[in-house]
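Novice: Once you've had a glance at the structure underneath, I'll fire off some questions.
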Amino acid sequence: MHLDPLAILTAFGLIFLAELPDKTMFASLAMGTRMRPLYVWFGTSSAFIVHVAIAVGAGGLLGLLPDWIVKLVSASLFAFGAFMLLRADAGDEDDEDGPKTVTGFWPVYSTAFMAVFISEWGDLTQITTANLAASNGAWSTAIGSAAALMSVSALALLAGRFIAKRVPLKTVQRVGGVCMLGLAIWTAVEIFTG
């Protein structure tokens, strides 16, 4: 098992920025106001780990293809990710049901797990993780992606209100989109130069 610190940091940075303005962050914040935050974090983190494993497995299959095809797919996925983050009408809708309180470890854990597990299928961060795993290595990508997703969940639970009041999420979204666009261009250039 080879771990590349740069690949870990790249995965962490991209996934962190992509997940910050995501509805999952707001779901974690909302669940944390009605449930024990630590239990919510265990549930969301478990769901994220499962999704990272699925994404890394898909990325490993991509890695079996010829290099130029992998780079073409990677550039396309990065471009799609940039489009999704930079599109003007990316609205964030929060569904709040009311002041319902869930207690006990297993009810809170399973509620948080299922909320994230269902909502993250085909999500930008899952696609990006598969993409990074195909080119940067499975273990490094898995560690960086899982750490980023778990960090965003913890951040939402601990300081979500502060961030929502102080840092415009559109700004974070745009920074992530520009980074993805840069990676799409870089990867496309590598097809013709490498």
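The values are calculated or read from the model by the stated rules, or taken from the named source; none is laboratory data. Fair warning: this is a prediction, and the values are worked out from it, not measured in the lab. All Cβ positions, even for glycine, are placed from backbone atoms using ideal geometry, and neighbour counts span all protein chains on display. Quick note on the areas: whole protein, heavy atoms, side chains included, nothing else; ligands and nucleic acids left out. Shrake-Rupley method; radii C 1.70, N 1.55, O 1.52, S 1.80 Å.
Novice: Once the Cβ-Cβ distance between residue 64 and residue 158 is put in as r, and R0 is 41 Å, what FRET efficiency do you end up with, to the nearest 0.05?
Specialist: With R0 = 41 Å, the Cβ-Cβ based efficiency is 0.50.
Novice: Okay, next question. Accessible area of residue 116, 1.4 Å probe, to the nearest 10 Å²?
Specialist: 0 Å²
Novice: How far apart, in nm, are two points set 7 Å out from the Cα along the Cα-to-Cβ line at residue 83 and at residue 174?
Specialist: 2.1 nm
Novice: What are the extents of the Cα atoms of the range 1-61 along their three principal axes, in Å, largest first?
Specialist: 41, 20, 18
Novice: Could you compute the FRET efficiency for residue 121 and residue 192, with r as their C-beta to C-beta distance and R0 at 22 Å, rounded to 0.05?
Specialist: Working from the Cβ atoms, E equals 0.05.
Novice: Quick one: compute a quarter of the convex hull surface over the Cα atoms of the range 117-161 and quote it in nm².
Specialist: Over all viewing directions, the range 117-161 projects a mean Cα-hull area of 3.5 nm².
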